[in-house]
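Undergrad: Pasting a structure here, questions to come.
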Amino acid sequence: MAQKKTAKDTAKKAAVTADTTAAVSVVNKKSFVKNTFDGNYIIDNQTVMVPIKGTFEFDIQHRFGTVDNGFKDLFGLFANATMKLGFSYTPINNLQIGFDATNEKMEVDWNLKWAILKQTKDGSMPVSVTYYGNAMMNTQANSVALIYVTTGDRFAYFNQIIIARKFSDKFSLQISPSYSHFNDLQGYFDAAGNPMPIFNNDNFSISASGKYKVSDGMALIANYDQPLTQNPADNPHPNLSFGIEMRTSGHDFEIFFGNYSSLMPENNAFFNQNDYRKGQFMIGFNIARLWNF
C-alpha cells in the first residue's frame, strides 16, 4: 500500500510540474504589436512592416509633375510623370525580397527587407527595427552625354534602418536614417576639360514618417526627409509630404502631395531639386495588391 501511495504521489507531482511548466511557457511567450503601419510603403519611404510568410505583393507608384505651373499643365497632370512597378515576396518569416523597374533613367533595382526586432505588447521591446536595402542599376545605353566604362559604374546602393513605435491603436511613428552610394556620378567639366567634383559619391539622410488612423480603413499619413550630406553644388532639397491612406484586406492605396519626384530612394537623396518652400509639390499615389500563397 505504501509503495502504491508513493507512486501516486510521484505521478501527481509530475503532472503538477508539467502543468506549471506549460503555464510558464505560455506566460513567457512573447506577444508582438501588430499593424504598426498598414503596408510596405508610407508615401516615399518603406515602413517597418514585413508582410507575413507567403505574401506576394505588386506595387504601382506614380508621381505627376509639380503643381506650380497651375492650369498650364493642369497642376502637373499633363507634365512628364515618373512611374514604377514593383514585385516582392516573403519566402520566410521576417524576410522580404523584391524587384522594381521605373521609367526614370530606365532604372531597375533588387531589394531586401528584414525585420530585426519587433515591438512587444508587454513593453520588453519598446520599438520595432527593420533593415531595408537595394542595389539599383541604370540600364540606359551609352551615349555622348552618358558613358559607363564598366557594368559596375551603373550601380548605386541604398541602406536604411527603420525604427518604429506604435504608440496607440491610432498613432504610429518611425525614424529612418539611411546611407546611399553611387559607384559613378557624371560630373561637369571646367574650361580646361577637367572634371569638377559636383557630387559626393556618398550621402547620408534621415526621414520621419507618421500615421494617424481616423477609421478602420483610413488614415492620415505624413513624411519628412532631410538629406544630411552637403555637395559642392546642387544640394538636394528636403521632402515634405502628406496625404491619406485607404486600406482593404487585399489592397493599400495612398494619395498625397509631396516634392520628391523620383521613385528610387538614392535619386531622391542625391538629386531632388523641388523646393516645397516655392510650392513645388506634386500629386502622387501608391497602390499595392497582396496575395497569400
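Undergrad: Report, by residue number, each residue of region 260-275 that is assigned to a loop (DSSP other than H, G, I, E, B), of a type in the set (S, T, N, Q) and touching a residue at least 40 places away in the same chain (Cβ under 8 Å).
TA: S261, S262, N272, N274
Undergrad: Same structure, new question: Could you list all residues from region 234-257 that are more than 21 Å from F58 (Cβ to Cβ), touching a residue at least 24 places away in the same chain (Cβ under 8 Å) and outside any strand (DSSP E or B)?
TA: D234, P236, H237, P238
Undergrad: Being more than 28 Å from P51 (Cβ to Cβ) and open to solvent by 80 Å² or more (accessible area, probe 1.4 Å) is the requirement here; does F87 meet it?
TA: No; evaluated as a whole, the condition is false for this residue.
Undergrad: Taking region 245-282 on its own, how many of its residues are under 25 Å from G98 (Cα atoms), of a type in the set (A, V, I, L, M) and in contact with a Phe, Trp or Tyr (Cβ under 9 Å, 6 or more places away or on another chain)?
TA: Adding up the residues that qualify gives 4.
Undergrad: Go through (1) assigned to a strand (DSSP E or B); (2) open to solvent by 40 Å² or more (accessible area, probe 1.4 Å) and name the single condition V108 misses.
TA: Evaluating V108 over (1) assigned to a strand (DSSP E or B); (2) open to solvent by 40 Å² or more (accessible area, probe 1.4 Å) leaves (2) as the failure.
Undergrad: Evaluate region 56-77: report whether one residue or more is open to solvent by 10 Å² or more (accessible area, probe 1.4 Å) and among the hydroxyl-bearing types (S, T, Y).
TA: Yes, the conditions are met somewhere in region 56-77.
Undergrad: From the list N203, N231, N267, N194, which one is more than 18 Å from D38 (Cβ to Cβ), at pLDDT below 95 and open to solvent by 60 Å² or more (accessible area, probe 1.4 Å)? Even if it seems obvious, please write down each step before you answer.
TA: Values: N203 fails: open to solvent by 60 Å² or more (accessible area, probe 1.4 Å); N231 fails: open to solvent by 60 Å² or more (accessible area, probe 1.4 Å); N267 fails: open to solvent by 60 Å² or more (accessible area, probe 1.4 Å).
The match here is N194.
Undergrad: Let me ask something else. Scan region 134-147 and give yes if some residue there is free of Cβ contacts under 8 Å to residues at least 60 places away in the same chain, surrounded by 14 or more Cβ atoms within 10 Å (Cβ to Cβ) and farther than 23 Å from S261 by Cβ, otherwise no.
TA: no
Undergrad: If you don't mind, another one. Out of the residues in region 31-52 that are more than 17 Å from L117 (Cβ to Cβ) and charged (D, E, K, R), which is modelled with the lowest pLDDT?
TA: D38
Undergrad: When you look at M125, is it surrounded by 13 or more Cβ atoms within 10 Å (Cβ to Cβ), within 18 Å of E266 (Cα to Cα) and not polar (S, T, N, Q), yes or no?
TA: When the stated conditions are applied, M125 does not pass them.
Undergrad: Take M125 and tell me if it is within 30 Å of A81 (Cα to Cα), aliphatic (A, V, I, L, M) and either without any contact (Cβ under 8 Å) to a residue 60 or more places away in the chain or not in a strand (DSSP E or B) (or both).
TA: Numbers: within 30 Å of A81 (Cα to Cα): no; aliphatic (A, V, I, L, M): yes; either without any contact (Cβ under 8 Å) to a residue 60 or more places away in the chain or not in a strand (DSSP E or B) (or both): yes.
It is false that M125 is within 30 Å of A81 (Cα to Cα), aliphatic (A, V, I, L, M) and either without any contact (Cβ under 8 Å) to a residue 60 or more places away in the chain or not in a strand (DSSP E or B) (or both).
Undergrad: I need the full set of residues from region 215-233 which are over 29 Å from N183 (Cα atoms) and touching a residue at least 12 places away in the same chain (Cβ under 8 Å), in order please.
TA: G217, M218, A219, L220, I221, A222
Undergrad: Out of all the residues in region 234-262, which are among the acidic types (D, E) and open to solvent by 60 Å² or more (accessible area, probe 1.4 Å)? Please lay out each step first, then the result.
TA: As a first pass, look at region 234-262 and keep what is among the acidic types (D, E): 234, 245, 252, 254.
Result: D234, single match.
The values are calculated or read from the model by the stated rules, or taken from the named source; none is laboratory data. Here the structure is a predicted model, which means the values were calculated and not measured. As a convention, Cβ positions derive from the backbone with ideal geometry for all residues, glycine included, and neighbour counts pool all protein chains shown. Surface accessibility is based on the protein's heavy atoms, side chains included, excluding ligands, DNA and RNA. Shrake-Rupley method; radii C 1.70, N 1.55, O 1.52, S 1.80 Å.
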